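*Asks:* Quick one: the structure is below, and I'll ask about it shortly.
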Amino acid sequence: MTAIPFILLALVLLFVVVMLGRTVRIIPQARAGIVERFGKYKQTLPAGLNIVVPFIDRVRYLIDLREQVVSFPPQPVITEDNLVVSIDTVIYFQVTDPIAATYEIANYITAVEQLTMTTLRNIVGGMDLEQTLTSREEINNGLRGVLDEATGKWGIRVNRVEIKGIDPPPSIKDSMEKQMRADRDKRAAILSAEGQRQSAILTAEGDKQAAILSAEGARESQILRAQADREAAILRAQGEGQAIQTVFQAIHDGQPDQSLLAYQYLQMLPRIASGDANKVWIVPSEIGRALEGLGSTLGSIQGIPADSEGPRTRVDMGPAGGELETGSVGPSDRELSNTRADVEAAIAEAQSAANPGAGRRDAASTDPLSDPLDPPPPVSGS
């Protein structure tokens, strides 16, 4: 009989605990509890400590109010040019109305997945493969607009829709790679051709400038050379004119006579015979008369005074016979003898140069008292 009160007390305590457990409900942060009374929606419990009527009110659903990310598996989509591509999508959404998300649709995640697939097929079906691969932003915006409008009544807001990947068939991939390689090869060939063209243009411009500079340099060089030749010719002509004028003035001032001219003529004979090409040289027998005629002819030339013009000053021939004599007016016996000796020596030197053997024999047989102006016999030599 004593154990019955303890059993009753234990039952009361158990009932109290059960009642407290069903009355006090703790809702986590960013969650919402949907309370039903007798199967009908009663209220939405916020985060924190909440009191409900036990055995009457029941927390039916616990809704997550945070933004959720759902990745859908690849789905085959047919493009406008009848090519099948696989598209992976990712959706970022958030429950804004727990009541609509609970009672407006049975499974909003499955509904969002199916709606995404159908919308994606509608959008990609109006694009070709090239446009599909390059219009991801356009596809994302189209999906987001359709999903946000359709899921609004479900208490769901779609924040972002992203396409993870678009995979064309393997054959299309191979064709695209070939096309890409061909396009890159074409651009490389174009760039190479452009480089060669620019190089050829620059080379031609350089050659042109070099040719222009070379022509200008040659022209200036020819001009300077012509100017130098002209100045040299002018100076040479001026020098020759001054030399001729000086020689003529010297001859005019010196007043040469017939003996001096004959002496100068005889001095040139050894030089004529001394050449290497002169194998045979003949001394004419009329050389004496030729000298006399030459002297008389030169004496009558205009500018050379004749003997009848009066006494003239002779050129000093230097010392003779160990004595130093000065020029005197009129010819003397000593000067004439010196002139004759010089003429005789010049004739002997010319004969020896023409025929050395015959010259020595003639010199041995020549009369020392003979006149040096007489014509010697003709001598031949090789």
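What follows is calculated from the coordinates using simple rules that are stated; it is not laboratory data. The structure presented is a predicted model; accordingly, all values stated were derived computationally and were not measured. Cβ placement follows ideal geometry from the backbone for every residue including glycine, while neighbour counts extend to all protein chains displayed.
*Asks:* What's the Cα-based Rg to Rh of region 1-160, Rh via Kirkwood?
*Replies:* Checking Rg against Rh, the ratio lands at 1.27.
*Asks:* With a ≥ b ≥ c the root eigenvalues of the C-alpha gyration tensor of region 192-236, is it rounded (a/c under 1.5), prolate (a/b larger than b/c) or oblate?
*Replies:* The shape class here is prolate.
*Asks:* How do the peptides 16-26, 45-55 rank, highest first, by the average count of neighbouring beta carbon atoms within 10 Å per residue?
*Replies:* Result, highest mean Cβ count within 10 Å first: 45-55, 16-26.
*Asks:* Loop only per DSSP, at most 15 neighbouring Cβ atoms within 10 Å: give me the GluC sites (Glu not before Pro) in region 1-89, ordered by residue number.
*Replies:* Filter output for region 1-89: Glu80.
*Asks:* So if each residue of separation counts as 0.36 nm, and I subtract the Cα-Cα distance between Glu138 and Tyr41, what length gain in nm does that give?
*Replies:* Extra length from Glu138 to Tyr41 when fully extended: 30.8 nm.
*Asks:* So, one more: Out of Val17, Ile63, Ile4, whose Cα points farthest toward the positive end of the dipole of region 1-90 (charges: +1 Lys, Arg; -1 Asp, Glu; placed on Cβ)?
*Replies:* Ile4
*Asks:* If the chain between Val17 and Phe55 were fully stretched, how many nm would it gain, using 0.36 nm times the residue separation less the Cα-Cα distance?
*Replies:* Roughly 12.3 nm would be gained on extension.
*Asks:* Moving on. May I ask you to derive the FRET efficiency for Leu213 and Lys186 from their Cβ-Cβ distance with R0 = 45 Å, giving the value to the nearest 0.05?
*Replies:* The formula returns an efficiency of 0.65 here.
*Asks:* Percent relative contact order of region 1-64, based on C-alpha pairs within less than 8 angstrom and at least six residues apart?
*Replies:* With pairs under 8 Å counted, the relative contact order is 33 percent.
*Asks:* Using a Förster distance of 45 angstrom, determine the FRET efficiency expected from the C-beta separation of Thr203 and Asp167, and round it to 0.05.
*Replies:* With a Förster radius of 45 Å, E is 0.35.
*Asks:* While we're here: If each residue of separation counts as 0.36 nm, what is the full-extension length gain between Phe6 and Thr110 once their alpha-carbon separation is subtracted?
*Replies:* Full extension of this stretch gives 32.0 nm more.
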